[in-house]
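Structure first, then comments.
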Amino acid sequence: MNEKNIIVGLDVGTTKVCTIVGLQHPNQELEIIGIGTHPSYGLKKGSVVNIDKTVRSIQASLEEARLMAGVNIVGATIGIAGSHIYSFNSSGVVAIKGKEITQDDVDRVLEAARAVVIPSDRDILHVIPQEFRVDNTTGIKNPIGMCGVRLEAHVHIVTGSIPLIQNLVKCVEQTGIEAEHITLQPLASSEAVLSYEEKELGVVLVDIGGGTTDIAVWKDGSLIHSQIIPIGGNHFTNDLAVALKIPHNEAERIKINHGSVLAEQLNQSAHITVQGLSGTKPCEVQLSVVAEVLGARAEELFDVVRYMVEEKKLHDQIAGGFVLTGGGALIKGLPELGEYILMRSCKIGYPIPFGGMTNIMQNPKYSTVLGLLIEASKRKPYTPTQNQSSNNHRVMFNSKDKDSNHSNTDLIGKLSESLKSVFKEIF
Ligand SMILES: Nc1ncnc2c1ncn2[C@@H]1O[C@H](COP(=O)(O)OP(=O)(O)OP(=O)(O)O)[C@@H](O)[C@H]1O
Ligand SMILES: [Mg+2]
């Protein structure tokens with residue numbers, strides 16, 4: 001096996017760390033050859049709060065995937081979320097130098113679009129082109145080769161807190177592998193779950209994880225809004241634990257096996273036996289009480305999503321409705337309640353299958369890591385030669401990359417710079 005054609009997606013989530021190893025075939029087909037999942041103990045609401053525990057979880061997940069794939073892992077594309085992520089739209093304009101627009105003009109206009117003032121403790125993670133305008137022509141995805149005098153770029157910029165990005169990169173690199181790229185998690189989940197048509201028509205991806213709910217709004221094939229909401233599946237579990245005065249693991253079991261956010265979907269009078277806190281006796285709980293607790297949290301979450309849609313004036317842009325993914329989307333009744341509150345179609349988004357994907361992987365909780373793998377494969381096409389350059393598995397960074405000062409801040413700078421090559425893939 002040519003290990004140069006091995007690519008890896010690594011999702012460091014609040015509840016689990018998941019590694020997927022893929023093999024790129026000569027026909028560019030991607031095959032999953034290794035999977036490793038391990039519970040995550042060092043994160044809270046998507047951000048690292050304990051370095052040692054996070055490193056151990058990543059190590060365990062990498063080891064499992066490494067054993068299954070039978071290959072060495074040297075680097076991975078990693079996902080990022082957390083409430084420190086903030087994104088906004090921006091634009092830039094440049095005069096066209098020659099008669100035809102070149103890659104250099106596109107680079108310049110993207111540079112102009114990203115020239116916005118951001119706080120010194122934040123860094124730009126992504127600058128994602130939405131559309132280009134050449135003179136009076138709008139809606140252009142790739143302006144190279146077109147003629148004009150004025151080139152305008154509209155972009156979506158994603159920023160994150162430098163210390164929190166550094167913590168994640170540090171945890172990954174302490175396991176001995178390289179964090180080759182950092183990708184916003186809902187962007188990766190979109191890649192795994194949404195169809196081309198949905199992105200064109202307008203759709204809201206809602207990835208309900210353990211600690212956060214990550215949003216990506218697409219229209220005309222472009223990302224027009226992204227947001228991280230600090231509410232996830234764990235909040236549903238905590239609510240149950242507090243309301244029923246039961247241990248967290250018992251609350252998790254009830255949520256998964258008996259929970260629903262709609263009391264109407266349940267046999268109203270049915271009861272279940274729950275284990276109390278240590279030293280207390282098991283007791284009987286009515287299922288409708290469980291649904292009431294979970295339903296209140298779901299309503300809160302959908303209210304935040306609805307507020308976002310209103311605030312960003314997205315209502316007319318999302319004819320494709322809402323696609324719920326992430327492990328938290330599996331709580332029964334969520335799509336129905338979502339449809340009622342959001343007044344748009346709402347469905348569960350499962351990862352679209354590709355080579356080697358098993359039934360187990362076709363679970364919404366693997367959307368992010370599968371998307372990370374797909375993104376990594378797009379950046380690293382199949383390499384047939386044996387004498388390939390030693391840094392072929394790294395994306396081409398631009399001028400900043402030539403700086404050999406490898407501080408973490410520089411790494412983040414490089415990662416953000418790499419987006420030009422990354423997002424050419426989107427179009
Ligand atoms: N079958 C199920 N029914 C209900 N909830 C489920 C089910 N399976 C998983 N969950 C919930 O999904 C959540 C974890 O989802 P996921 O694995 O997508 O999160 P994560 O990626 O680790 O976290 P995050 O993305 O927030 O960092 C947990 O709260 C878990 O209870
Ligand atoms: Mg996740």
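Some notes on this structure:
- Other residues lying with their Cβ under 15 Å from the Cβ of L201 contribute a combined charge of -1, Lys and Arg counting +1, Asp and Glu -1.
- Mean shadow area of segment 196-350 over all directions, Cα convex hull, nm²: 8.8
- Amide proton proximity set for G210, modelled H, under 5 Å, gap of 5+: T14, T15, G233
- D52-V304 FRET efficiency (beta carbon distance; Förster radius 45 Å; 0.05 resolution): 0.85
- Highest-fluctuation residue, I215, I272, I73 considered, GNM on the chain with Cα pairs under 10 Å: I272
- Relative contact order [Cα under 8 Å, 6+ residues apart], the chain, whole percent: 19
- For the pair V93 and Y196, a Förster radius of 35 Å applied to the C-beta separation gives a FRET efficiency near 0.75, rounded to the nearest 0.05.
- Cα centroid of segment 1-67 to Cα centroid of segment 113-172, whole Å: 27
- The stretch between L262 and E63, if pulled fully straight at 0.36 nm per residue, gains 67.6 nm over its current Cα-Cα span.
- Remark: for residue pairs K53/K378; K219/K255; K199/K347, the C-alpha separation exceeds 25 Å in K53/K378; K219/K255.
- Take the Cα of E111, step 7 Å toward its Cβ, do the same at T137, and the gap between the two points is 2.5 nm.
Read-outs throughout are calculated quantities, based only on the coordinates presented, and are distinct from any laboratory measurement. Every value quoted in this text rests on a predicted model; they were computed, and no experiment measured them. Backbone-built Cβ (ideal geometry, glycine too); neighbour counts: all protein chains shown.
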